Amino acid sequence: MKVLVAVKRVVDYNVKVRVKADGSDVDIANVKMSMNPFDEIAVEEAVRLKEAGKVSEIIAVSMGVKQCEETLRTALAMGADRAILVETDVELQPLAVAKLLKAVADKEQPQLVILGKQAIDDDANQTGQMTSALLGWSQGTFASKVDLAAETVDVIREIDGGLETVKLRLPAVVTADLRLNEPRFIKLPNIMAAKKKPLDKTTPADLGVDAAPRLKTLKVAEPAKRSAGIKVANAAELVAKLKNEAKVL
Ligand code: AMP
């Protein structure tokens with residue numbers, strides 16, 4: 001069984017991004033970029049399914065600038081078999097990524113597509129759902145457990161206040177949540193071996209997809225600064241403040 005895993009190159013989660021002076025965007029010049037953390041979980045899950053003998057081939061796919069190759073090499077070092085870069089300098093929004101992913105899926109015919117539940121740069125949480133809709137495949141989003149069988153996949157989903165289990169008929173789209181697994185540490189020999197694994201390149205035009213943005217960013221602003229807290233002398237003062245000032249009691 002073939003699995004397609006989508007990996008996005010994003011600003012590293014340790015970087016505190018700054019808004020550009022003109023408020024047009026965040027400034028990502030010279031900041032560290034890494035694989036989106038939820039996509040690492042998606043790749044890890046695919047590799048575990050292969051190690052369990054349930055999957056025969058893992059294809060990592062990334063859309064974006066040339067440097068996404070580094071992200072794909074990381075996926076290959078984790079255990080993906082080959083990679084596809086859909087190269088473009090156009091700013092990609094979730095709908096464009098979903099259309100590109102559908103085009104790649106149409107060619108590759110995987111039984112399962114695994115994505116992260118959300119990219120930590122745009123926080124959109126849309127691409128998996130849109131991909132499933134465009135393909136007409138079932139979806140299991142926010143997965144915290146995936147149980148793959150020959151024709152179905154059971155997905156335990158993290159929902160408000162609990163867990164929901166869904167049984168999907170394959171082919172299906174699954175998005176990985178935080179508790180699905182803990183991605184492995186990549187060893188040096190695997191990084192070296194990944195350099196020799198195949199990485200194919202294509203473009204949105206080759207795939208017949210118009211990837212132009214449909215949304216326009218009007219303004220980007222820093223969140224409001226939190227005001228400083230105060231110390232109270234005793235519980236009685238705290239209760240009085242909650243009653244009279246915060247009016248929550
Ligand atoms: P989003 O809908 O933007 O929050 O992204 C959800 C998931 O879609 C990510 O975790 C990735 O798995 C996938 N994705 C989004 N953008 C890209 C991209 N440019 N290349 C590859 N995968 C992507």
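The values are calculated or read from the model by the stated rules, or taken from the named source; none is laboratory data. Nothing here was measured: the structure is a model prediction, and the numbers come from that model. When we count neighbours, we look across all protein chains shown, and the Cβ atoms used for this are built from the backbone with ideal geometry, even at glycine. Side chains are part of the model used for accessible areas, which takes the heavy atoms of the whole protein and leaves out ligands, DNA and RNA. Shrake-Rupley method; radii C 1.70, N 1.55, O 1.52, S 1.80 Å.
If the reach is capped at under 19 angstrom between alpha carbons, list the aspartates and glutamates near K145, excluding any in the same chain fewer than eight residues apart.
Output for K145: D39, E40, E44, E45, E51, D154, E158, D160, E164, D177, E182.
According to a simple spin-label model (label point 7 Å from Cα along Cα-to-Cβ), what is the distance in nm between D154 and N125?
2.6
Determine Rg/Rh for the chain; Rg is computed over alpha-carbon atoms and Rh is the Kirkwood hydrodynamic estimate from the same atoms.
1.07
Express in nm, to one decimal, how much length is gained between E222 and R18 on full extension, taking 0.36 nm for each residue of separation and deducting their alpha carbon distance.
Numbers: separation 204, 0.36 × 204 = 73.44 nm, distance 0.78 nm.
Once the chain is fully extended between E222 and R18, it gains 72.7 nm.
According to the square roots a ≥ b ≥ c of the eigenvalues of the Cα gyration tensor, what is the shape class of region 88-135, taking rounded for a/c under 1.5, prolate for a/b larger than b/c otherwise, and oblate for the remainder? It would help to have the intermediate numbers written out before the result.
Numbers: a/c = 2.09, a/b = 1.38, b/c = 1.52.
Here region 88-135 falls in the oblate category.
Where the accessible area of the chain is counted over protein heavy atoms with a 1.4 Å probe, how much of it, in %, is carbon and sulfur? Spell out each step's value before the answer.
On the way: 7530 of 14190 Å².
Accessible surface attributable to carbon and sulfur in the chain totals 53 percent.
Let me know the charge dipole size of region 161-249 about its Cα centre in debye, to the nearest 20, where only the beta-carbon of Lys, Arg (+1) and Asp, Glu (-1) is charged.
On the way: 18 positive and 9 negative charges, 41 e Å.
Using only the charged Cβ atoms, the result is roughly 200 debye.
Taking a cut-off of 26 Å between Cα atoms, list the lysines near K241, but don't count ones fewer than 8 places away on the same chain.
Leaving aside lysines fewer than 8 places away in the same chain, those within reach of K241 are K225, K231.
At R214 and V166, where each label point lies 7 Å from the Cα along Cα→Cβ, what is the point-to-point distance in nanometres?
2.0
How high is the relative contact order of the chain? Use alpha-carbon pairs under 8 Å, at least six apart in sequence, and give a whole percent. Please list the in-between numbers first.
On the way: 495 pairs, mean separation 57.8, N = 249.
This gives 23 percent for the chain.
Output the relative contact order of region 1-86, whole-number percent, from Cα pairs under 8 angstrom with separation of 6+ residues.
Numbers: 147 pairs, mean separation 30.2, N = 86.
In percent, rounded to a whole number, it is 35.
Taking chymotrypsin sites (Phe, Trp or Tyr not before Pro) that fall in a DSSP loop and have at most 12 other Cβ atoms within 10 Å as cut points, what is the longest piece of the chain between them? Before the final figure, lay out each step's value.
Values: sites that count: Y13, F185.
Longest gap between qualifying sites, sites excluded: 14-184.
Using the structure shown, list the pairs from K102/K167; K8/K219; K99/K196; K167/K201; K20/K187 with a Cα-Cα distance above 26 Å, or answer none. Mind dumping the intermediate values first?
On the way: K102/K167 22 Å; K8/K219 24 Å; K99/K196 29 Å; K167/K201 34 Å; K20/K187 37 Å.
Too far apart for the 26 Å limit: K99/K196; K167/K201; K20/K187.
Using the alpha-carbon centroid of each, what span in Å lies between region 136-180 and region 208-249?
Using only Cα atoms, the two centres lie 33 Å from each other.
Name the residue farthest towards the positive end of the dipole of region 2-244 from the options N234, V113, A193, assuming +1 on Cβ of Lys and Arg, -1 on Cβ of Asp and Glu, about the Cα centre.
The residue sitting most towards the positive pole is N234.
Could you give the dipole magnitude of region 2-148 about its Cα centre, charging the beta-carbon of Lys and Arg +1 and that of Asp and Glu -1, in debye to the nearest 20? Walk me through the intermediate numbers first.
Numbers: 18 positive and 22 negative charges, 57 e Å.
Here region 2-148 has a charge dipole of around 280 debye.
Report the relative contact order of region 40-100, percent, no decimals, based on alpha-carbon pairs under 8 angstrom and at least 6 residues apart. Show your work: numbers first, answer last.
Numbers: 78 pairs, mean separation 20.9, N = 61.
With pairs under 8 Å counted, the relative contact order is 34 percent.
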